[in-house]
Structure formats: C-alpha cells, structure tokens
Amino acid sequence: MSTPSRGRQQPGRPQQPFQPQAPEPPRKKSKGKTCAGAGCLGVVGILVIAGAISAATGGQSSSGTARSPAAAPSDAGNASKASASQSALQKEAPQTVTYVVTGTSGADVQYGPAGSLARGTVPMSVTRPLENRQHYAITAQLQGGGHVTCQLKVNGRVISQSTASGGYTIASCEISKDTFSDKWTRS
C-alpha cells in the first residue's frame, strides 16, 4: 500500500482546485463615542445610587409603582435628586431622648445628659432633642417605701429600664453611645 502524495488524487475523492480566499475587509471604526472619562463614571455612579435606592425601597417608587431595574438616564438624574432629598429629610428629623418615671409619688428624680441634671417628680415623661452628648441618665430614689420604675428611650425605643421597691432604694437607668457602631446601649 502506498501513501498518497501531494498533488495526486486520492481514490474516491474528487480533487478540488486550490482557491485562494479573499482577505477580510478592514473593520469600520465606530463613529460613536465610547464611554470614557469622568462623564461616564458620573453616569455609572448615578445608576449605582439609583439601584441602591431601589433595593432599599424594595423596588417601589414614591408613588408605589414598581420601577424597572434598568432605569433610563433621565431617571438616574431624578434618583440622585431623590436620594439627596431623602438624606436631607433624615438629617432634619430630630432625634429624641425620653425620660419616663412611674410608680409611687414622692420619689426624688434626677435626669439629663452628662454634666447637666434636671429634677422631676413621679409620674413623669419628658422628651428632649438628643444633644451631641455620649451619656444620658435618670435616677429615681424612693422616700421611705413604695415602688418606682424608670425608662430611657431613644426615638421611642426603650434602651434602659430599671425598677426599685422598698425604703430609699434607687431605680437607675443610663445609656451611652457606642462610637464605633453609632448605637445607643445600656450602660
């Protein structure tokens, strides 16, 4: 058996003449602009903010209708304005601390932020704006007998609570702001 050599026709196969292939035409350069530079980064940033707002609101717009995940560029500008106005509203909403004391009347009550204590009487509920202080406290000392309960609330949420019963006992509530987590905790 012999091996077929080049240029010879193999039995059972018709020989095809060699046809050179035409080179591919050069690709046309796009006349459109590509996304580069700060302008494109701004659009991407706005779209990221819009996505974060959509995720935070559960995909609901302010009118209650669902938003499309792919927001148009004009919607992106509106989303950044909405984000800025939401941030402004959150900053404008005053944060509060509430001092609450219930129980037997006649207890001696002192309350306030660190460095400034006010006096009160049982029953009491006093709400004040949170100052830029790190510590708030309330104490209620019974005068002879009975029972007394104190609570410290931040924005309506109870952070610290204490109860005292009997002669001259003290119910004491203290809270401090954790500088790392920015949350109020019982001291």
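Quick look at the numbers
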| item | result |
| --- | --- |
| Neighbourhood net charge (14 Å Cβ-Cβ; Lys/Arg +1, Asp/Glu -1) for residue 110 | -1 |
| Whole-angstrom gap from segment 94-122 to segment 154-187, using each part's C-alpha centre | 12 |
| Heavy-atom surface of segment 90-159, accessible at 1.4 Å and reported per residue (Å²) | 55 |
| Extension gain, residue 133 back to residue 108 (0.36 nm per residue minus Cα-Cα distance, nm) | 6.6 nm |
| Cβ crowding within 10 Å averaged over residues, with 140-150, 115-125 ranked highest first | 140-150, 115-125 |
| Per-pair calculated FRET efficiency, R0 = 22 Å: residue 93 and residue 183 via Cβ, rounded to 0.05 | 0.80 |
| Largest to smallest accessible area among 139, 98 [probe 1.4 Å] | 139, 98 |
| Cβ-Cβ FRET estimate between residue 119 and residue 158, R0 fixed at 25 Å, reported to 0.05 | 0.65 |
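The values are calculated or read from the model by the stated rules, or taken from the named source; none is laboratory data. Computed from a predicted model, the values in this text were never measured in an experiment. Heads up, the Cβs are rebuilt from the backbone with ideal geometry, glycines too, and the neighbour counts pull from every protein chain shown. These area figures cover heavy atoms from the full protein model, side chains too; ligands, DNA and RNA do not enter into them. Shrake-Rupley method; radii C 1.70, N 1.55, O 1.52, S 1.80 Å.
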